[in-house]
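J.: Quick one: the structure is below, and I'll ask about it shortly.
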Amino acid sequence: MLRKLLTVIIPVFNTENYLERCLESVLNQSYKNIEIIAVDDASTDNSKYILEKYMKLNNNIKCIILQENHGAGNARNVGLSIANGEYIAFIDSDDWVDTNFYMSLINEMEEHSLDVALAGIIDEREDRKAWTYRYKYPFNNQISGNFAVKLLIKSNNQDIFITPMVNNKVYRKEQLQRMGLKFLVNSYNEDDIFSFLFFKKVKKVGVVKDVFYHYFQRPTSITGLYKKRFVDDLVSAFLYLINEKNYLKTDRDIINYFFRNLSFIIDLLFESNLSDKEIKTQLVYIIKKIGKIYSFEELLDFFDLERIENFLR
């Protein structure tokens, strides 16, 4: 019996050295009924030619070539708009998945009527021996969407957590359509907002053991360096939740998630090579940007003094 169709959406930008590895990992899945939609985001290397070669050899690959670069969020939205699968998955073009990844997640979804299933993540590097677990789930489990939000925003200490990254998950497409859910365009917080909105609305979430998404850390990657734009995008993303999605800024989940993301940015700032003077300038900038969402008086109402002290430290 033919299994339900899975659509795997791959945003592609200048990954000619890694793209074939990604495509091969999807093409050789134990789950065979897969539609691959690769969206080239105006690459300037040979990525689009690699895609065209694979499309000629595999009739389950569709290739969309965009003329202007608008980021992974827009490329994923393009893929979603033409996806035919009952299940949806995303993978970045320099990453790969275990050969039983999609079978394991979809089996769990079908057995327990889940809205989404997720698995662990392994951080990979050029040195194949230097891999590390980022997320590892020791058992299969089914949890509520409300509890998944708590794991996402890390509001409590738990034995497991959920990453906002969308790539280690399989989604039921009807849920995405019902929510009208799309990615923010040209935002570093595209995954954060997508995941927050999704888990806020769903009821049943599955955690799957023993299979992994392989997240490749390219040596040229600069995602770990501080950028002022990180602050701009974070504030814009949460203003989007408040102004366009009608979440109250006093919503405890909103507050926790905003400040968890902000803490990460501040950590990057203090780990950067900027001078003390430049760091102070950036801190002033961050405080002014926070003021677009929360006044100082509101912050004092939201948090006890001990938590504010720890945050400032």
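J.: Could you check region 247-256 and list, in sequence order, the residues that are buried (at least 17 other Cβ atoms within 10 Å of the Cβ) and within 16 Å of Lys201 (Cα to Cα)? Before you say what the answer is, go through the steps one by one.
T.: The initial filter retains those residues of region 247-256 that are buried (at least 17 other Cβ atoms within 10 Å of the Cβ), namely 247, 253-256.
Hits for region 247-256 are Tyr247, Asp253, Ile254.
J.: Residue by residue through region 172-210, note down the ones that are in contact (Cβ under 8 Å) with a residue 40 or more places away in the chain, at negative phi and open to solvent by 50 Å² or more (accessible area, probe 1.4 Å).
T.: Of everything in region 172-210, those that are in contact (Cβ under 8 Å) with a residue 40 or more places away in the chain, at negative phi and open to solvent by 50 Å² or more (accessible area, probe 1.4 Å) turn out to be Glu174, Lys182, Val185, Tyr188, Lys200, Lys201, Lys203, Lys204, Lys209.
J.: Here's something else I'd like to know. For region 113-142, which positions are part of a strand (DSSP E or B) and either more than 20 Å from the chain's Cα centre (by Cα) or more than 20 Å from Arg178 (Cβ to Cβ) (or both)? Talk me through it step by step, then tell me what you get.
T.: Step one: filter region 113-142 for residues part of a strand (DSSP E or B), giving 116-124, 132-135, 141-142.
The answer is Ala119, Gly120, Ile121, Ile122, Asp123, Glu124, Thr132, Tyr133, Arg134, Tyr135, Asn141, Gln142.
J.: Only one of these is out of contact with any helix residue (DSSP H, G or I) (no Cβ under 6 Å at 6 or more places or on another chain), in contact (Cβ under 8 Å) with a residue 60 or more places away in the chain and charged (D, E, K, R): Asp94, Asp115. Name it. It would help to see each step written out before you state the result.
T.: Details: Asp115 fails: out of contact with any helix residue (DSSP H, G or I) (no Cβ under 6 Å at 6 or more places or on another chain).
Of the residues listed, the single one that is out of contact with any helix residue (DSSP H, G or I) (no Cβ under 6 Å at 6 or more places or on another chain), in contact (Cβ under 8 Å) with a residue 60 or more places away in the chain and charged (D, E, K, R) is Asp94.
J.: Return the residue satisfying two criteria in turn: it lies in region 50-82 and is in contact with a Phe, Trp or Tyr (Cβ under 6 Å, 6 or more places away or on another chain) and either on the phi > 0 side of the Ramachandran plot or part of a helix (DSSP H, G or I) (or both), and of such residues it is surrounded by the most Cβ atoms within 10 Å (Cβ to Cβ).
T.: Taking region 50-82 first, the residues in contact with a Phe, Trp or Tyr (Cβ under 6 Å, 6 or more places away or on another chain) are 61, 73, 76-77.
When the remaining residues are screened for being either on the phi > 0 side of the Ramachandran plot or part of a helix (DSSP H, G or I) (or both), the result is 73, 76-77.
Values: Gly73: 21, Arg76: 26, Asn77: 19.
My answer is Arg76.
J.: Go through Asp123, Asp98, Asp115 for me and flag whichever is in contact with a strand residue (DSSP E or B) (Cβ under 7 Å, 6 or more places away or on another chain), within 28 Å of Cys63 (Cα to Cα) and open to solvent by 20 Å² or more (accessible area, probe 1.4 Å). Walk me through it before giving the result.
T.: Working: Asp123 fails: open to solvent by 20 Å² or more (accessible area, probe 1.4 Å); Asp115 fails: open to solvent by 20 Å² or more (accessible area, probe 1.4 Å).
Matching residue, one of Asp123, Asp98, Asp115: Asp98.
J.: Out of Met103, Met109, which single residue is at pLDDT 95 or above, hydrophobic (A, V, I, L, M, F, W, C) and open to solvent by less than 30 Å² (accessible area, probe 1.4 Å)? Give the steps one after another, and end with the answer.
T.: On the way: Met103 fails: open to solvent by less than 30 Å² (accessible area, probe 1.4 Å).
Exactly one residue qualifies, and that residue is Met109.
J.: Of the residues Val39, Val26, Val12, which is closer than 30 Å to Asn141 by Cβ and under 19 Å from the mean Cα position of the chain (by Cα)? Before the answer, list the steps.
T.: Numbers: Val39 fails: closer than 30 Å to Asn141 by Cβ; Val12 fails: closer than 30 Å to Asn141 by Cβ.
Of the residues listed, the single one that is closer than 30 Å to Asn141 by Cβ and under 19 Å from the mean Cα position of the chain (by Cα) is Val26.
J.: Please go through region 1-49 and pick out each residue that is farther than 22 Å from Val78 by Cα, open to solvent by less than 10 Å² (accessible area, probe 1.4 Å) and of a type in the set (S, T, N, Q).
T.: Gln29
J.: Could you please find all residues in region 211-246 being modelled with pLDDT of 95 or more, open to solvent by 50 Å² or more (accessible area, probe 1.4 Å) and either touching a Gly at 6+ places or on another chain (Cβ under 9 Å) or among the polar types (S, T, N, Q) (or both)?
T.: Ser236
The values are calculated or read from the model by the stated rules, or taken from the named source; none is laboratory data. Values in this document were obtained by computation on a predicted structure and should not be read as measured data. Reconstructed Cβ throughout: ideal geometry from the backbone, glycine too, with neighbour counts over all protein chains shown. Keep in mind that these areas ignore ligands, DNA and RNA; they rest on the heavy atoms of the full protein, side chains included. Shrake-Rupley method; radii C 1.70, N 1.55, O 1.52, S 1.80 Å.
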